[in-house]
1. Would you pick out the residues in the range A:254-266 that are more than 8 Å from chain B (Cβ to nearest Cβ) and under 16 Å from B:Arg46 (Cβ atoms)?
2. Between a residue in the range B:118-132 that is at the interface with another protein chain (Cβ under 8 Å from one of its Cβ atoms) and any residue that is open to solvent by 50 Å² or more (accessible area, probe 1.4 Å), which pairs come within a Cβ distance under 8 Å, given they are 6 or more apart or on different chains?
3. What number goes with the only condition from (1) touching a residue at least 60 places away in the same chain (Cβ under 8 Å); (2) more than 9 Å from chain A (Cβ to nearest Cβ); (3) in a loop (DSSP other than H, G, I, E, B) that B:Gln146 does not pass?
4. State which residue is farthest from B:Ile182 (Cα to Cα) when the search covers only the range B:77-95 and only residues that are more than 8 Å from chain A (Cβ to nearest Cβ) and modelled with pLDDT of 85 or more.
5. Do the conditions hold for B:Pro158, that is, is it within 8 Å of chain A (Cβ to nearest Cβ) and surrounded by fewer than 24 Cβ atoms within 10 Å (Cβ to Cβ)?
6. Could you please find all residues in the range B:133-143 being within 8 Å of another protein chain (Cβ to nearest Cβ) and in a helix (DSSP H, G or I)?
7. Kindly indicate the residue of the range A:258-270 that is in contact (Cβ under 8 Å) with a residue 24 or more places away in the chain and in contact with a helix residue (DSSP H, G or I) (Cβ under 6 Å, 6 or more places away or on another chain) and also surrounded by the fewest Cβ atoms within 10 Å (Cβ to Cβ) among those meeting that condition.
8. Check whether at least one residue in the range B:397-405 is open to solvent by 60 Å² or more (accessible area, probe 1.4 Å) and in a loop (DSSP other than H, G, I, E, B), and report yes or no.
Amino acid sequence: MRALPRKESVSEGVDFVSVMRRRFIWLVLLVAGLLLSSFVAILVGSIGPIGPGEPEYMPFDEAFGIIFGSDANYSESHINIIWQVRVPRVLLAAAVGAALACAGTAMQAVFRNPMADPYIVGVSSGASVGAVLAGIVGISTTALFGALMTPALAFTTALVTVFAVYSLGTVGGKVYVNTLLLSGVAVAAFLGSMVSLMIYFAGQQFHRIIFWLLGSFSGASWTGFYVVALAAAVGILIVFIFSRDLNALLLGEETAHNLGVDPESLKTIMLVVAAVITAAAVAFTGVIGFVGLIVPHMVRLVVGADHRILVPAATLTGAIFLIIADTAARAVIAPTELPVGIITALCGGPFFLYLLRRNRLSGEAT
Amino acid sequence: MKLAVRNLSYSFGEKRVLRNVELEVDSGEFLGLMGPNGSGKTTLLRCVMNYLRSDPGSILIDGRPIQEMPPEDLAKTFAVVPQSSSTDFTFSAYDIVMMGRIPHRSNRLAGASKKDADAVQSAMERTDTWKFAGRPFFALSGGERQRVVIARAIAQSPKALLLDEPTVYLDINGQLEVMDLIRSLNKKEGITVISVLHDVNMAARYCDRIALLSNGWLEAIGPPAEVLRPETIQSVYGVDVVVRKDPFTNAVYVMPHSTLSTAPRHGGRVHILCGGGVGGPLMKALLDAGFGVSTGVLNVLDSDFENAKDLHVPTVAEMPFAAISDSAHLENLRLIKEADFVVVSPFPVGPGNLKNMEAAKAALEMGKRLLVLRPETGRTVDFVGGKADGIVKDLISSGAIPLCSSDEMVREITREGVRK
């Protein structure tokens, strides 16, 4: 009788080259997905080519011509709709999605908790105070800075809040993440009640403020895109540079230290970077929830927890996710639109619960 | 690599955790750090890895203060294995081991290279973890996980391993698995090992030297046989122990006595006639129950003689392998006279110790309450042609109480109480 060949050797070990190849393929797919979703999103709108076509219809060939810069003589208003409305809007959605997903990934690593999100240290509540204040006082309508007043104020209050929370969570140069987390919750609750109070007395500004609080890309402009994209690009690069250090941090501060990583400076750098890019995103678009929580989580399930791949993959996925969500926000009840934050929470909440249950039932870590 | 700790003190705020610790560790040595909880073992380890910053110059590697070493150099010198490692994130075992290569990257942007991949694979093969390299870290058993963490430490290619109770959460199988792995790294690759260990016998078995800490002071340092003395352990841990030599390895091993007070609470004394080791459990059970105990007559080198000595039980002793002399017999009878109970244990009876059976008879005649423990087989181990069994039957028919276990004996004696 012949012995049966051993089968288990097939699954033994890890083939380094094929892991690297698989990661590369993921990134190529995500970049392709980003390009495709951006392109389709630019075609969606009330005048078409994908949309109801009211009050007039813009055919596909005209849209393609405008996008790819053909010499043909197209209507000035169509060119404006594509290049001054839709393109900056889609690009802004991509930049914000990338920023939030990257910031969420960094925060989850700093807090060593997959439930952390970019708003955990008070960015959103801080920005809300500034934005609501700007809306109520009405400075957003003054001529001097015009539409940039609200983002500027929101950005400032967001960073002031984060600095306050950070100071509360730091003792003698050491960042205590649990204290930081609780300080964030307490400060957010306090500022949230201030926002509620202001809304209560806001009167006719009420609808606009709510729209901002739920997050929307309706005010997208090239300026907004440039600011957010610059902040996001620098921030994402920094997070990526520290991606192996973040891996080490997830095994605990003692282990990180032993691997030559200084946990204190790493935590501080990550908190500052995540706060700045989140604040930039929130300042221009309002509080868009769930992206920074769900995207890193979802991507981690697919590509694993190694930040070398997780940071770029989550960043790209965040961009794609918000482009699609914003397109849906524009299309669902066109010609009016929903705040995109409602879409992300509507899709994100149940999906998140699904992941949570699935992982609990199969006994996996979250 | 030579590690020197010079006059190291460390405080958490007002609380002093280490006081003037001085020690040296040579290249290739296996040093165990021991001491009760809170004695400063883990703090010492964390100072050595510079996670806790101590005074400059208090810790030197080859004469160089660690406080002045760049973090990457330190990371290439020491690899740390904590008590247990866990993460809520879905790293594979491979990812975890790959983290050991972080100190070896050429710059921040550099990812893992083929060289890193080779180092990881070789570390995982040596720890027998390569077969589950692709599995999620959290899905592994405690022993497997600890081996993966050791693989990470090896991938770090350090000069020394620093371990903090690496086996504390493992079952006996996992403990041996991990300790044997560490020892083979120490002996075969010459990696210096400094490990906090809580198990004295584990330490005695694996360490070249043991450093015993107590309340922040270095109480003793040296080979296990020198450090693990009953007096030292009593003063550091506050428990009574017996130290013996393992007959196969010659390593010392330590057996703790019960921490219950063994001071007689009942004021009475039980005299046990025993030999050949059957008396040990009886002495211990009676001492734990709070009775005074004496024994007799025992030959020096008899295991019950050792038991009695370890338990500080008064004994009538006879020369090794000699028959019981008249003087020893009389001394035995004297102890019986002073005792409140006499227990006949199921000791093997031969011509040399037949006098102990006579002593039992004498006890009955003195009016002592005599308890006879029957052997589990029902028959006395008898080298005197059935004589012993006959005596036991006589004893029972003349009023001795037959019993089957030491529990029953303790119950009987407690129930009857000590006659005042």
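1. Matches in the range A:254-266: A:Ala256, A:Pro263, A:Glu264.
2. Here the result reads B:Trp130/A:Glu12; B:Trp130/B:Gln121; B:Lys131/A:Glu8; B:Lys131/A:Glu12, each pair linking the range B:118-132 to a residue that is open to solvent by 50 Å² or more (accessible area, probe 1.4 Å).
3. It is condition (3) that B:Gln146 fails.
4. The initial filter retains those residues of the range B:77-95 that are more than 8 Å from chain A (Cβ to nearest Cβ), namely B:77, B:81, B:83-84, B:86, B:93.
Now drop any that are not modelled with pLDDT of 85 or more, which leaves B:77, B:81, B:93.
Details: B:Thr77: 17, B:Val81: 11, B:Ala93: 19 Å.
Result: B:Ala93.
5. On the way: within 8 Å of chain A (Cβ to nearest Cβ): no; surrounded by fewer than 24 Cβ atoms within 10 Å (Cβ to Cβ): yes.
No; evaluated as a whole, the condition is false for this residue.
6. Answer for the range B:133-143, where residues must be within 8 Å of another protein chain (Cβ to nearest Cβ) and in a helix (DSSP H, G or I): B:Phe138, B:Ala139.
7. In this case the residue turns out to be A:Leu266.
8. Checking the range B:397-405: at least one residue is open to solvent by 60 Å² or more (accessible area, probe 1.4 Å) and in a loop (DSSP other than H, G, I, E, B).
The values are calculated or read from the model by the stated rules, or taken from the named source; none is laboratory data. Computed from a predicted structure; not experimentally measured. Neighbour counts run over all protein chains shown; Cβ positions are idealised from the backbone, glycine included. With ligands, DNA and RNA removed, areas are computed over all heavy atoms of the protein, side chains included. Shrake-Rupley method; radii C 1.70, N 1.55, O 1.52, S 1.80 Å.
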